[in-house]
Each structure stands twice: as structure tokens, then as C-alpha cells.
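Rule-based calculations on the coordinates, nothing more; no lab input. A quick note: this is a predicted structure, and the numbers were derived from the prediction, not measured. When we count neighbours, we look across all protein chains shown, and the Cβ atoms used for this are built from the backbone with ideal geometry, even at glycine.
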Amino acid sequence: MNSITNLIREVVSRARQATQSLYFGFFQGHTYLTPNELHQLSQLVGITDDTVVADFERQFAQLIGTGEAIAYAAARMGFYEIMRLQGITKEDEVILLGATCAVMVNAVMRTGATPIYADIDPDTFGSSSQAIAACITPRTRIIVAQHSFGIPCDIEPIVSLAKEKEIFLIEDCALTLGSKANGIAVGNFGDAALFSTDHSKPLSTLTGGLIYTKNTELANRLRSAQVNCPHLSIKRQNKLWQRLLLEARYCVPARLGRLGLIDLFFSITKKITHAEGDFLADDFGTTIQSTYPYPAKLPAFLAAIGLIEVKRWTKTSLERANTLKRLIEIINQSSSRCYLPAAYKNKKLEIIPLRFAWSEPKGAEIRLRIKSFIHVSWTLFMTPIIATKSPLQNLGYEKGSCPISESIGPRMVNIPCIFNTRDSDILISKLILSII
């Protein structure tokens, strides 16, 4: 009976979203693709074309710096490959941020290693050198330093700590692309960096990710291993293609509300028919079994989309930086101004935002005010580990181990910064009426 009641509530909620004339979400559809571009992309579905993938890897790497990039069907797969090549085993510990995605934890668990959670820095919502230092033991083999929402974490002390302790440092740049600390782009500080190109990330190929490194030996080892990675099945690639077409149509503010109802219908249908999903969604819990190869290669048609996204990146990043500037100006006129993280005032940082984020005591009230036009259920890091239905203790997280994350999480507010100037103007005008 409870499940039926919950389903009815979900249908009603999504029906309300569908009636909104403008509804702003946190994932991006490739709405700009022309019919000719879509036709060309469709010809690559299920096709092996290493040249396209290599071209995307090269051009993506050039966005970051002078290193190399190796692509996978998901960023966590590249993270797993680094751990495997580093010889991580059940005897080892890997330090993650206490505000991370379950897929990162799942990757650690696949190696048999123990995930250790370091609390967040409230000034950046990212990793803290002091919290990391408190977590280091003789078993620590890898530190993951996370840059959240587009904000660079205080990375330089973490680099010094990792070097002092001779621990391999990975930057988690899944949520941050193009941002700089002291003039250096994130991704260039650690031994390697992971970038996600999931549809909710800064540069979208629907699903996918890359490992970036300036260490030639590591890059060569990763590339040699990548050769042996399987491809996603043609069936899975066709499902991803259909999803791309769906999001290209509906992932705009004027139609996004309808996508919620469509997704709910697909979700119910999948449960009834036990059908395979479109996204790579088997890695959000404690299982280490997947209905797709892990790790897997990035499909050529997604790499081709990545090439288009790279060409658009200069314009995209400028629009987002301008949106952030305007959002800060607006919030500075409200009672929320004293709760903005210090990073937004730090002149040493150049922030290309994915989301504009802050935490305040009235966060839940603000989310309620804006839920009629923003998809607030996608607010990140309201709990230390997100995107999982598994109890957090099953992922090795002990309640109270990251008190700052646990405290500020339920009060988080996220504003998407992924829209063009025209749609951002509309979103900002709605925020002014709701918050100021």
C-alpha cells in the first residue's frame, strides 16, 4: 500500500512539474544539434572509430593543459583503472571527500580497498588538507582531492601533503572544468585527474569521462590498458542514442517538466519488464557486478559529441562565468549573502561554475520557494554520499565522521549555471522574485 501511495505522490509531483511553462534542471540536452549533425552522429552508433575517440581525447586535454587524456564510458572507470595500475588491494585505503558520489565509492570497493572519508572545507565545499591529514594512516595509498560545483578546492596544501607523505594524488574534477587556482587550471595539480562528461557535468557527452595526466608513463600504461577495454554493446549504445535524442528535445526550460513524467513512465516499465536501462546505472551501490563491461571504452558517437562540445566550450565558459557574477550580485542583496562560501570572494580563484551553491539555516525554505521552477531534488551533497539507495554504513561511512558535511548538507541550495544567456536572464529574474 505504501508503494502505491508513494507512486501516486510521485505522479502528482511530476504532473505539476509538467505544467510549468519554464522549468530549470541540472542536466544538459544537446538541443543545439542540427538535423545534419544528428544524422552524422547516428552513423557512428555501434561503430568502432578509434580516430574520433583519440581526437576527442587530444582536444579535451588541450582544454586542461599540456598533459594527455584517456577516455572511458564513465569517469569512475578511469578512476578504477588508475587504482588497478597502482596495485591497490584490500590492504589499502583510499581517501575520498565526505561529499561524494556513490560511484566513486563503488570503484574503490571493486579493488577491495577501504574508502576513508575526509570532511569538507566549508569555504569551498571541496577537499580540506587538514581533514585529509587527519585521515592518513600507514595504509593510505591514494588521496582524492575534489573540486565541487566548479569551485577549486584549496589544492596547494593538499599537493604538499601528498608529496610529503609520498601518496598518489588524484584530482576529482567531475564537477569542475576550466576553473583556476592561482592561474593554474584544475587537473594540473595532482598526479592525475578525473573529469566526467556525464549529462549533469560541465561538458556533456551524455555519459563518459576522461583521465588527464602529465605523467607520460602513467598515460602510456592507461592507454595500453584501454586498448583491452571492451566496447559497450550495440544494444546499450542504441539505448544511449535514444536517450540523447530524448534529452535533445526535452532538456530545455520550456519542455523539461514533461521529461519527468516520461522518465517515470520508463522507470515503471523497466521494473515491470526487467528491461536493461539506458544509462550506466549499476555502480551506485555496493554491488560490483554490472550489466555492461567495467571498465569500457567511450563509444565513438559520444566522442563525436564531445568534439562539438569542446568547440563550444569557450563561449559556454564565458556565459557561465557571467551568470555566476550576476548570481553573486543578486544574493549579496539578500539575507543569504553572509552564507556564501568564501571561495566566491577569493581573488586567487577563477571559477567557471556548474552550479551556484551555498548552505544556510533556511536552505530548506529557499528550496521550497524555488521548487516550482528549479528541479531542487537534484540538489547535491545534502548527504555525505549521494546517488545511492544503499545505507551509508554499507559504503563504509560512519555517522559523525564528517560533521561539517552532515551539518551543512541538509541546508544546501543549488542554482544551475548551465544555460545560455537568454535562459539565464529568465532564471535570474525568477530568483529575484523568490529570494530577494
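Here the contact order of the chain, divided by its residue count and restricted to Cα pairs under 8 Å and six or more residues apart, works out to 25 percent.
Quick one: net charge of Gln237's neighbours, Cβ under 14 Å, K/R +1, D/E -1?
Working: positive: Lys235, Arg236, Lys239, Arg243, Lys297; negative: Asp49, Glu276, Asp278.
Every neighbour counted, the sum reads +2.
Fewest neighbouring Cβ atoms within 10 Å first, the residues Thr100, Thr34 line up as Thr34, Thr100. Across segment 300-307, coupling constants 3J(HN,Hα) worked out from phi with the 6.51/-1.76/1.60 Karplus curve, θ = phi - 60°, read 4, 5, 6, 4, 5, 5, x, 4 Hz, and Gly and Pro carry x.
Once you sort the root eigenvalues of the Cα gyration tensor of the chain as a ≥ b ≥ c, which label holds: rounded (a/c under 1.5), prolate (a/b larger than b/c) or oblate (the other case)?
Numbers: a/c = 1.30, a/b = 1.08, b/c = 1.20.
Because its axes are fairly even, with a/c under 1.5, the chain counts as rounded.
With each label modelled as a point 7 angstrom along the Cα→C-beta vector, the Ala281-Val227 pair spans 3.6 nm.
Less than 5 angstrom separates the built amide H of Phe356 from those of Ile415, Cys417, all sequence-distant by 5 or more or on a different chain. In a fully extended conformation the segment linking Ser335 and Ala387 would gain 15.7 nm over its present Cα-Cα distance, using 0.36 nm per residue.
Measuring nothing but how far apart in sequence close Cα pairs (under 8 Å, 6+ apart) lie, relative to its length, segment 248-373 scores a relative contact order of 14 percent. In order along segment 58-68, the phi-based Karplus estimate (6.51 cos²θ - 1.76 cosθ + 1.60, θ = phi - 60°) of 3J(HN,Hα) comes to 5, 6, 5, 4, 5, 5, 8, x, 9, x, 10 Hz; Gly and Pro are listed as x.
Rounded to the nearest 0.05, the FRET efficiency derived from the C-beta distance between Gln130 and Ser267 at R0 = 41 Å is 0.45.
Report the residue, chosen from Asp49, Asp154, Asp121, that carries the largest GNM mean-square fluctuation when the chain is represented by alpha-carbon nodes joined by springs under 10 Å. Of Asp49, Asp154, Asp121, the Gaussian network model singles out Asp49 as fluctuating most. Taking 0.36 nm per residue of separation and subtracting the current Cα-Cα distance, fully stretching the chain between Ser160 and Lys347 would add 65.2 nm. The GNM of the chain, with springs linking C-alpha atoms under 10 angstrom apart, assigns the highest mean-square fluctuation among Ser224, Ser317, Ser424 to Ser224.
The length gained on full extension between Lys180 and Ile288, counted as 0.36 nm times the residue separation minus their Cα-Cα distance, comes to 35.4 nm.
With the helix formula -39500 (n - 2.57) applied to DSSP H stretches of n ≥ 4, the chain reaches a computed 222 nm mean residue ellipticity of -14000 deg cm²/dmol. Tell me which aspartates and glutamates have Cα within less than 20 Å of Lys163's Cα, excluding those fewer than 8 residues away on the same chain? Hits, sequence-local ones excluded: Asp92, Glu93, Asp154, Glu171, Asp172, Asp191, Glu217. Which is the longest stretch in the chain that no exposed loop site breaks, taking sites as GluC sites (Glu not before Pro) with a DSSP loop state and at most 15 other Cβ atoms within 10 Å? That would be 277-397. Taking label positions 7 Å along the Cα-Cβ direction at both Glu365 and Asn394, the computed distance is 3.7 nm, reported to one decimal. Here the residues Ile308, Ile158, Ile408, Ile234, ranked from fewest to most Cβ neighbours within 10 Å of their Cβ, fall in the order Ile234, Ile308, Ile408, Ile158.
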